[in-house]
Amino acid sequence: MRCEKARKLLALESGGDLPGARDRALASHLEVCRRCRAFSEELALAVAWMRSAAEPVISEADYAAMRREVWRRIESGRGARSSSFGAGRLVLAAAGLLAAVLSLFLLARKSPQESPVASARPAVVEPPPAPPNPTVSSAGPAPSPAHAAEPVRVAVSRPPRSARRRPVAPAGDSAVERIEFRTANPNVRIIWLVRKGEEKSSSMPAGRTEEVS
Amino acid sequence: MSSLAPALLTGEARTGREAPPGEGATSPIAALVERAREGDGRAFDRLMVETQERVMGLAWRLLGSREEARDASQEVYLRVFRHLGRFRAGEDFHAWLYRITVNVCRDSIRRRRRNPPAPAFPVEPSRPPEAEEDLLGAERWNLLLEALASLPPKERAALVLRDLEGLTSEQVARLLGSRAATVRGQIASARLRIRNFCVALIGGREALP
C-alpha cells in the first residue's frame, strides 16, 4: 500500500469509518511505515482537538434574544396575514361592486327598447281623430271593441330584438295568422302577424303600419 | 429516535448531557410537540428552550458566525412553527429539527455565496470570557471555527454532522441528500485538512498536500 492511499484510509479510520478488511491492510502498512504512523497520531490528535473544541459558548441572553425574535416574527407574520386577509376582502368587495355595476351597465345597453326612454323613440304618426273601424280579415281572435275604439295612435315601432331575430313568415303562410286593422285614414292600415300555436303573450307583437298609397 | 441515535443527536457522548428518553409518544418532547401543534404557545416556547442549544450550536458550527447562527436558528423555529401541523405524531422530532436546521444553514451558505459578507473571522465570543477556562474555551472554539472555515462547504457540513454531531455516514448522507460513499470521501478529505490546519498552527511540521 502506498502512503497516500494509507493516509486517506487513516483519515477514515480516525473517525471509525473504515471497514474491517481495509483496516487490516492499513495495519500492515503502518507496521512498516514510520511516517504514516506519525501521521496517524497527528490525525487522531486533530480529531480529538476538534471534538473537544466543539462546544460553542452561547449565553442564555443569546438564546432569549433568539426566542424573542422568533415570537416577534411569528406575531408580525400573524399580523401581516390578518391584514393581508382584510385587504383581500376589501379587494374582493370592490371587485364584486365593479362587476355588479358593469353588468347593470351592459344590461341597460342590451335592451334599449325595453327601457322607458327607448320606447319614446318611435316616430309617431298622428292620425285624424276619427275612431278606427277595424276589420278582421282572418278567423283569428279579433281585438276587443274597446281596444278598437281607442284613439288610434299608430306608431311605426321596431319590434323587440327577440322578434327581429325570428324570421317572419310571409302573409298567407298557413303557420301565421294575419290580422289587419283599418284606420280612419284609408292610407294607414295596421297589420298583425301572429304565429299559430304560440300564446299571445309570447307571440311577437309584429305590428306593422303600412301606408297605402 | 430509531434512525438517529439519541446520543448522537443530543451530543451525550461529547458533552455528557443526559440523553432524552426515546422519542415515543410519551416523551416530554413529544408531549410538547403535541401541545404546540394544538396551539399552545408556552409549549412551543418550551420546545425552543429544550432544543435551542443543539440547533444554535449546529448552526454556528456550520455557518461559523454567531450572528448568522442566531438568524438561522430563528428561521429554523419559524419553519418549525409554520410546519408543525405537517409533523406526524410518532415521527422523530429531533431528526426533523435536524433536517430543517441543515437546510436552513445550506440556504444561508448559498445566500452568502451570492452576497459575500465582510470577513467572518476572527469570531467574536458570545460574551466576554472571565475565567481562564472560559478564555481557553473561547480560544479553542475560535480556532475550530477558523479550521472549519478553511473547508469547502460540503466537506464542512459532512464533517460537522459526522464528527461534531456524531451522526453515522449513512445518516449524514441522508440528511445531505448524497451517497454514503461520497460523504465518506468528503469526511476523509475534511479530516486531512483539519490535521493540516493543526499542524500549520503548531508549526514546524510539514503540511500534507
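Below are the figures for this structure:
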item: Which listed residue, of B:Val199, B:Val160, B:Val183, is within 9 Å of another protein chain (Cβ to nearest Cβ), assigned to a helix (DSSP H, G or I) and modelled with pLDDT of 90 or more; result: B:Val160
item: Residue ID - surrounded by the most Cβ atoms within 10 Å (Cβ to Cβ), chosen from residues in region A:173-213 that are assigned to a loop (DSSP other than H, G, I, E, B) and at pLDDT 65 or above; result: A:Thr183
item: Residue selected from region A:21-80 under the condition open to solvent by 40 Å² or more (accessible area, probe 1.4 Å) and aromatic (Phe, Trp, Tyr), by the criterion nearest to B:Gly39 (Cα to Cα); result: A:Trp71
item: Residue count, region B:19-49 (criterion: surrounded by fewer than 15 Cβ atoms within 10 Å (Cβ to Cβ), modelled with pLDDT of 85 or more, touching a helix residue (DSSP H, G or I) at 6+ places or on another chain (Cβ under 9 Å) and away from chain A (no Cβ under 11 Å)); result: 3
item: Members of region B:79-93 found to be open to solvent by less than 80 Å² (accessible area, probe 1.4 Å) and either charged (D, E, K, R) or within 19 Å of A:Trp71 (Cβ to Cβ) (or both), listed by number; result: B:Arg79, B:Val80, B:Phe81, B:His83, B:Leu84, B:Gly85, B:Glu91, B:Asp92
item: Count of region A:1-20 residues which are closer than 24 Å to B:Asn142 by Cα and open to solvent by 50 Å² or more (accessible area, probe 1.4 Å); result: 0
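The values are calculated or read from the model by the stated rules, or taken from the named source; none is laboratory data. Since the model is a prediction, treat every value here as computed from it, not as a measurement. When we count neighbours, we look across all protein chains shown, and the Cβ atoms used for this are built from the backbone with ideal geometry, even at glycine. Please note that ligands, DNA and RNA were not included when accessible areas were found on the heavy atoms of the full protein model with its side chains. Shrake-Rupley method; radii C 1.70, N 1.55, O 1.52, S 1.80 Å.
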